[in-house]
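Please treat every number below as a calculation from the coordinates, not as lab data. Since the model is a prediction, treat every value here as computed from it, not as a measurement. Cβ coordinates were reconstructed from backbone atoms using ideal geometry, including for glycine residues, and neighbour counts include every protein chain displayed.
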Amino acid sequence: MSFSVKPRVRLFQKALPDSGGMKVTCLATGFYPRHINLTLFRDDQPLDSHQITGGELLPNGDGTYQMRKSLEVSTDDLKENYQYTCKAEHLSLDNKLDIPLDYEPYPGQKHVVAVV
């Protein structure tokens, strides 16, 4: 008997204080079987593999797998307001799963509101 488990896919950002840019990461986890295709896009154009870090398949403790791919975005690219998307293809999915990045206004900064 064969079975499959759908991936949980997230696309998130993290500020890079040293460069002023940010890192965009696509994480797919909890999927089975192990083969998955994750592709990062900028304005609907796939990014070249030399721009991407990660991509190693890692086991989870429950017998499922995870994969993450990341892209460092420069301060110049941030000014362009590109749209980043992660597309996941897996046996368990009927269609490709497209996850857009929801930008934070200031990546990595927390906003604190004081009520008096």
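Do me a favour and compute the ellipsoid semi-axes for the chain from its Cα gyration tensor, root of five times each eigenvalue, largest one first, whole Å.
Output for the chain: semi-axes of 29, 17, 13 Å.
Could you pull out every one of the lysines with an alpha carbon less than 29 Å from that of Lys6, ignoring same-chain neighbours closer than 8 positions?
Counting by Cα, and skipping residues close in sequence, Lys6 has these lysines nearby: Lys14, Lys23, Lys69, Lys87, Lys96.
Please identify every one of the GluC sites (Glu not before Pro) in the range 1-101 that sits in a loop by DSSP and has no more than 11 other beta carbons within 10 Å of its own beta carbon.
Taking the range 1-101 and a limit of 11 other Cβ atoms within 10 Å, the loop GluC sites (Glu not before Pro) found are Glu80.
Hey, what number do you get for the chain at 222 nm if only DSSP H runs of n ≥ 4 count, each worth -39500 (n - 2.57), divided across all residues, to the nearest 500?
-1000 deg cm²/dmol
In percent, what relative contact order does the chain have, based on Cα pairs under 8 Å that are 6 or more apart in sequence?
31 percent
With the contact rule set at Cα under 8 Å and sequence spacing of 6 or more, what percent relative contact order holds for the range 1-60?
29 percent
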